[in-house]
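See structure below.
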Amino acid sequence: MRSYLDFEKPVAELEAKVEELRALGENRDAVSISDDINRLEAKAAEALKDLYAKLTPWQKTLVARHPQRPHFVDYCAGLITDFTPLAGDRKFAEDEAIVGGFGRFRGEPVCVLGQEKGYNTETRIRHNFGMARPEGYRKAVRLMEMADRFGLPVLSFVDTAGAYPGIEAEERGQAEAIARSTEAQLGLGVPNVSLVIGEGGSGGAIAIATANKVLMMEHAIYSVISPEGAASILWRDAARAQDAATNMKITAQDLLRLGIIDGIVTEPTGGAHRDPEAAIAAAGTAIEDALQDLNNMGPAELRDHRADKFLNIGRKL
């Protein structure tokens, strides 16, 4: 069953009427109501298109967090063949908030890693809602170093509200682990492409998004803090999250204009959750194009390209 966001109520009402007419038509063979169904379907599609053409930053935040939005495991299943996951950081433990391993993308071997939030209570607890502990980032470093050693491109998929803020994470060196992961990416001698598929939150995101090419799904968000967190700090009122979202410039469109990201992957009308297969296919094409742009660069050139990209952020404004 499709889940609707609050601002999608007009569309929800139209689509509910379509379903009612379909059910009615099954019970009344003598009466054709296909014309009414087609008319309502067209009206619902047009309403959805108009609605998503003018989403506010806060509405995009809600879409980025949609419970039915495709997660990393969906992108991995749709884009990566022969995927072999690897576990553990070889220092403390396994952290399933970050899933990673090796496989083939469009026939070529790659290292792939990403944050997984989980879909239900059981998987969300297992993946800790996509909020990695230090061992998760140290696992990412281990995988990236292996990829560098074997000359394999690194693909990372970002979807987290932020790194796990618990006391035990701080005790095990959360900040240092994030810094080491960021450093490891900056030092890679192989191409790396990062895609923000939902939420890109703070250091928890940048730790696996310091890439040669940073892409975002059309309705994803990427920021130094969540809108609720920013509102709590700035106005001491989390209810002003909508104001924070608007002022923080967290949408893909704002970030492309500011030079923070390198490209936007168009989503199906109504968001990636409406047609996950189409969204994942579009993401695959964008990643392939990004890798092709980097394929002719050597290790030193890739490192310089990456460093220049991040050092120049903010200088052209």
Worksheet, complete the sentence: A careful count of residues in the stretch 67-99 that are more than 22 Å from residue 137 (Cα to Cα) and buried (at least 18 other Cβ atoms within 10 Å of the Cβ) gives 3
Practice prompt. May I ask you to list pairs of residues, at least six apart or on different chains, whose Cβ atoms are under 8 Å apart, with the first in the stretch 276-305 being at pLDDT 95 or above and the second being surrounded by fewer than 18 Cβ atoms within 10 Å (Cβ to Cβ) and of a type in the set (Asp, Glu)?
Written response: none
Worksheet entry | So residue 194, is it assigned to a helix (DSSP H, G or I) and either of a type in the set (S, T, N, Q) or touching a Ser or Thr at 6+ places or on another chain (Cβ under 6 Å) (or both) | no
Discussion item. For the stretch 179-209, give me the residue count where each residue is closer than 26 Å to residue 271 by Cβ, in contact (Cβ under 8 Å) with a residue 60 or more places away in the chain and in contact with a Leu (Cβ under 9 Å, 6 or more places away or on another chain).
Written reply: 4
Discussion item. Going by what's in this entry, would residue 64 be described as under 18 Å from residue 279 (Cα atoms), touching a residue at least 24 places away in the same chain (Cβ under 8 Å) and either of a type outside the set (Lys, Arg) or not assigned by TED's automatic domain parsing to the domain that holds residue 219 (or both)?
Written reply: yes
Response to the item:
Scanning the stretch 131-166 for residues that are in contact (Cβ under 8 Å) with a residue 60 or more places away in the chain and surrounded by 24 or more Cβ atoms within 10 Å (Cβ to Cβ) gives 132, 137, 140, 155, 157, 158, 159, 160
Fill in: Any hit, the stretch 116-125, residues being closer than 18 Å to residue 164 by Cα, within 18 Å of the chain's Cα centre (by Cα), among the small types (Gly, Ala, Ser) and surrounded by 24 or more Cβ atoms within 10 Å (Cβ to Cβ)
no
Discussion item. If a residue must be surrounded by fewer than 23 Cβ atoms within 10 Å (Cβ to Cβ) and under 14 Å from the mean Cα position of the chain (by Cα), how many such residues does the stretch 178-205 contain?
Written reply: 1
Practice prompt. Give the residue that is farthest from residue 183 (Cα to Cα), with candidates limited to residues of the stretch 210-263 that are touching a residue at least 60 places away in the same chain (Cβ under 8 Å) and of a type in the set (Ser, Thr, Tyr).
Written response: 246
Item to complete: Kindly indicate the residue of the stretch 45-57 that is surrounded by 14 or more Cβ atoms within 10 Å (Cβ to Cβ) and in contact with a Phe, Trp or Tyr (Cβ under 9 Å, 6 or more places away or on another chain) and also nearest to residue 226 (Cα to Cα) among those meeting that condition.
Response: 55
Discussion item. List the strands (runs of 3 or more DSSP E) inside the stretch 75-135, counting only whole elements, that have at least 2 residues being among the hydroxyl-bearing types (Ser, Thr, Tyr).
Written reply: 80-86
Response to the item:
Expected single match for surrounded by 16 or more Cβ atoms within 10 Å (Cβ to Cβ), hydrophobic (A, V, I, L, M, F, W, C) and within 21 Å of the chain's Cα centre (by Cα) among 283, 278 is 283
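Table: residues versus (1) basic (Lys, Arg); (2) at pLDDT 95 or above; (3) farther than 30 Å from residue 299 by Cβ; (4) not assigned by TED's automatic domain parsing to the domain that holds residue 299.
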| position | (1), (2), (3), (4) |
| --- | --- |
| 119 | no, no, yes, no |
| 125 | no, yes, yes, no |
| 134 | no, yes, no, no |
| 140 | no, yes, no, no |
| 143 | no, yes, no, no |
| 147 | no, yes, no, no |
| 150 | no, yes, no, no |
| 153 | no, yes, no, no |
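The values are calculated or read from the model by the stated rules, or taken from the named source; none is laboratory data. Since the structure is predicted, the reported quantities are computational estimates derived from the model, not experimental observations. As a convention, Cβ positions derive from the backbone with ideal geometry for all residues, glycine included, and neighbour counts pool all protein chains shown.
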